[in-house]
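K.L.:
Mind having a look at this structure? Questions to follow.
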Amino acid sequence: GAVVSQHPSWVICKSGTSVKIECRSLDFQATTMFWYRQFPKQSLMLMATSNEGSKATYEQGVEKDKFLINHASLTLSTLTVTSAHPEDSSFYICSARTWTDGSRNTIYFGEGSWLTVV
Amino acid sequence: GDSVTQMEGPVTLSEEAFLTINCTYTATGYPSLFWYVQYPGEGLQLLLKATKADDKGSNKGFEATYRKETTSFHLEKGSVQVSDSAVYFCALSTGGTSYGKLTFGQGTILTVHP
């Protein structure tokens, strides 16, 4: 079946540096991907909608200059956390939307990426 | 805007007990409804879904029925196992180009003891 893969699963970076997280659809084309953030013991909050070949749509309150999203191909979206700070430490997870059965959308989630900023 | 409200947790049960996790929603139009499960340290797995009123989603002994009149999508299982211990999220997605953009409830931690 369809699989969405995220990389890296775990990353530790120093404060002030940037870190990139990749989200790949392995056996289907995803024109639309979504990025979520989950704080410890809390729910998932949508950060942005990533559209292939166009700019991402960010949710209210999400800094687009800090969380750069690029969806340059039909199988890859990347989230770059720029100038990371400890408060950016979180679980980031992506999902991808695909068509199945010719008309029905299906949503697949990646495994998630744990970011720790020290 | 759209919202999902889940019952407060955590929920602690003994093995083979009956499980109910309540979920209600507010949305414009007719959303699709989902239950996702998250095991410790892992990502999200789709447990079940329903796309229209009166649909029943089911998987691995879990069931939930899309009730439009009460705007609810309660999760049930007749006999839980220790392996069901996880965090359960109720979610909705509206249709059209927004499909896939999920609004999640706050999650309910389930712990099942032997």
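The values are calculated or read from the model by the stated rules, or taken from the named source; none is laboratory data. Keep in mind that this is a model prediction, so the values were computed, not measured. So basically every Cβ, Gly included, is an ideal-geometry build from the backbone, and we count neighbours across all protein chains shown. We work out accessible area using only protein heavy atoms, side chains counted, and drop any ligands, DNA or RNA first. Shrake-Rupley method; radii C 1.70, N 1.55, O 1.52, S 1.80 Å.
K.L.:
Exceeding 22 Å between C-alpha atoms, which entries from my cross-link table qualify? They are A:Lys41/B:Lys52; B:Lys77/B:Lys101; B:Lys56/B:Lys77.
P.N.:
On the way: A:Lys41/B:Lys52 30 Å; B:Lys77/B:Lys101 27 Å; B:Lys56/B:Lys77 13 Å.
Distance filter (> 22 Å) returns A:Lys41/B:Lys52; B:Lys77/B:Lys101.
K.L.:
Keeping every protein chain in place, order A:His71, B:His113 by accessible area at 1.4 Å, biggest value first, i.e. largest first.
P.N.:
B:His113, A:His71
K.L.:
For the pair B:Ile109 and A:Ser9, how long in nm is the line joining their label points, each one 7 Å along Cα→Cβ?
P.N.:
Taking the two extended label points, one gets 2.3 nm.
K.L.:
Say R0 is 41 Å: what FRET efficiency, to the nearest 0.05, do A:Ser54 and B:Asn59 get from their beta-carbon distance?
P.N.:
On the way: r = 35 Å, r/R0 = 0.85.
In this case the efficiency is close to 0.70.
K.L.:
Looking at region B:14-114, which chymotrypsin sites (Phe, Trp or Tyr not before Pro) are in a loop (DSSP not H, G, I, E or B) and have at most 15 other Cβ atoms within 10 Å? Walk me through the numbers before you get to the answer.
P.N.:
Numbers: sites: B:Phe18, B:Tyr25, B:Phe34, B:Trp35, B:Tyr36, B:Phe62, B:Tyr66, B:Phe73, B:Tyr88, B:Phe89, B:Tyr99, B:Phe104; in loops: B:Phe18, B:Tyr66, B:Phe73, B:Tyr99.
Within region B:14-114, the qualifying chymotrypsin sites (Phe, Trp or Tyr not before Pro) (loop, at most 15 other Cβ atoms within 10 Å) are B:Phe18.
K.L.:
Hey, another quick one. Taking Cβ-Cβ under 4.7 Å as the only way to count a partner, pick out the unpartnered cysteines of chain A.
P.N.:
Cysteines of chain A left without a disulfide-compatible partner: A:Cys13.
K.L.:
Now for a separate question. Using the charge dipole of the protein assembly as shown (Lys, Arg: +1 at Cβ; Asp, Glu: -1 at Cβ; taken about the Cα centre), state which of A:Asn51, A:His85, B:Ala17 has its Cα farthest towards the positive end.
P.N.:
It is A:Asn51, whose Cα lies furthest towards the positive end.
K.L.:
Still on this structure, please answer the following. Please work out the FRET efficiency for the pair A:Val118 and A:Lys41, using the Cβ-Cβ distance as r and a Förster radius of 25 Å; give the result to the nearest 0.05. Kindly include the intermediate steps, with their values, before the conclusion.
P.N.:
Working: r = 21 Å, r/R0 = 0.83.
Plugging the Cβ-Cβ distance into 1/(1 + (r/R0)^6) gives 0.75.
K.L.:
Which FRET efficiency value, to the nearest 0.05, is calculated for B:Ser14 and A:Glu22 with the Förster distance at 41 angstrom and r the Cβ-Cβ distance? Present the calculation step by step, with values, prior to reporting the outcome.
P.N.:
Working: r = 42 Å, r/R0 = 1.03.
For R0 = 41 Å, the calculated efficiency reads 0.45.
K.L.:
Still on this model: Among the aspartates and glutamates, which fall within straight-line cross-link reach of B:Lys68, defined as a Cα-Cα distance under 12 Å, with same-chain neighbours fewer than 8 residues apart omitted?
P.N.:
Answer for B:Lys68, where 12 Å is the Cα cut-off: B:Asp54, B:Asp55, listed by chain and number.
K.L.:
Let me ask something else about it. Are there any trypsin sites (Lys or Arg not before Pro) in region A:1-100 that are in a DSSP loop and have at most 16 other Cβ atoms within 10 Å? List them by number. Don't skip to the answer; put the middle values down first.
P.N.:
On the way: sites: A:Lys14, A:Lys20, A:Arg24, A:Arg37, A:Lys41, A:Lys55, A:Lys64, A:Lys66, A:Arg97; in loops: A:Lys14, A:Lys41, A:Lys55, A:Lys64, A:Lys66.
Hits after loop and neighbour filter: A:Lys14, A:Lys41, A:Lys55, A:Lys64, A:Lys66.
K.L.:
For region B:20-86, which GluC sites (Glu not before Pro) are in a loop by DSSP, counting at most 10 other Cβ atoms within 10 Å? Intermediate values should be presented prior to the final figure.
P.N.:
Working: sites: B:Glu42, B:Glu63, B:Glu69, B:Glu76; in loops: B:Glu42, B:Glu69.
When the GluC sites (Glu not before Pro) of region B:20-86 are filtered for loop state and at most 10 Cβ neighbours within 10 Å, B:Glu69 remain.
K.L.:
One-quarter of the Cα convex hull surface for the protein assembly as shown, in nm²?
P.N.:
Values: hull surface 50.9 nm².
For the protein assembly as shown, the mean projected area of the Cα convex hull comes to 12.7 nm².
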